[in-house]
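Asks: One structure coming up, written as structure tokens, with questions to follow.
Any read-out appearing in this document is the output of simple, stated calculations on the displayed coordinates, not a laboratory observation. Keep in mind it's a predicted model, so treat the numbers as computed, not measured. Every residue, glycine as well, gets a Cβ built from its backbone with ideal geometry; the counts of neighbours run over all protein chains shown.
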Amino acid sequence: MKPGGRRSVRCSTWDYTSPGAYYITLNTHRFQPTFARTVGRAKCLTVRGILATACWLAIPSHFAHVRLDEFTVMPTHFHGVLVLIEGPRWFALDPTWVEPEPREARLISGSIGAIVGSYKSAVTRLVHRVAPDEATRVAPVWQRGYHDRIIRDEREFDAKRRYTINNWDRWVDEHLR
């Protein structure tokens with residue numbers, strides 16, 4: 001259980017600094033459609049959507065062990081595939097660390113949690129910087145937490161890639177009926 005009574009949805013037996021592919025989904029605060037809008041069937045990113053894209057593309061310049069694959073910015077959420085490559089494991093789990101009872105939340109440098117947290121903070125900082133008024137300058141941008149899926153094989157990797165590529169068309173079909 002996390003501080004504040006929240007339950008972690010992370011896989012407790014997985015090392016989130018491990019090389020591999022991770023499918024990440026982030027939602028906007030209260031699912032507000034602030035990142036994109038439709039123009040016919042086309043996607044038109046808002047300023048927030050452009051900032052979210054720019055920050056995503058900058059991740060490898062801040063985390064050298066990360067490669068980006070497909071991603072998409074949707075009105076109310078963001079999907080992306082992060083690939084951690086083998087690299088120096090200075091950020092790996094400390095083998096001498098003894099887990100206290102109950103488990104305390106820890107953010108490990110270079111982990112998926114640290115990368116996603118850094119990304120969300122960067123987007124929020126930029127959104128607040130360009131905000132037109134005080135209320136928007138302090139308003140939350142993201143819903144708390146994120147969803148991840150550890151991609152376990154090439155077939156699943158291809159499925160997540162296709163899902164991401166086709167997500168806009170599915171969303172338009174559902175919302176413009």
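Asks: Which ordering of Ser118, Ser111 is given by a fewest-first count of other beta-carbon atoms within 10 Å?
Replies: Ser118, Ser111
Asks: Full extension from Asn166 to Val83: what is 0.36 nm times the residue separation minus their Cα-Cα distance, to one decimal in nm?
Replies: Net length gain for the segment: 27.9 nm.
Asks: Full-extension gain between Gln32 and Ile150, please, as 0.36 nm times their residue separation minus the C-alpha to C-alpha distance.
Replies: Extra length from Gln32 to Ile150 when fully extended: 39.8 nm.
Asks: How big is the range 100-177 on each of its three principal axes, counting only the C-alpha atoms and giving the largest first in Å?
Replies: Here the Cα extents, ordered largest to smallest, are 47, 42, 22 Å.
Asks: I've got another one for you. So if we plug the beta-carbon distance of Thr25 and Ala131 into 1/(1 + (r/R0)^6) with R0 = 35 Å, what FRET efficiency do we get, rounded to 0.05?
Replies: Calculated transfer efficiency: 0.90.
Asks: Taking 0.36 nm per intervening residue step and subtracting the Cα-Cα distance, what contour gain separates His175 from Ser12 on full extension?
Replies: 55.1 nm
Asks: Each label point is 7 Å from the Cα along the Cα-to-Cβ direction; what then is the distance between the points at Asp158 and Ser121, in nm?
Replies: 3.9 nm
Asks: If you don't mind, there's one more thing I want to ask. Among residues other than Trp14 whose Cβ falls under 13 Å from its Cβ, what is the net charge (Lys/Arg +1, Asp/Glu -1)?
Replies: Here the charged neighbours net out to +1.
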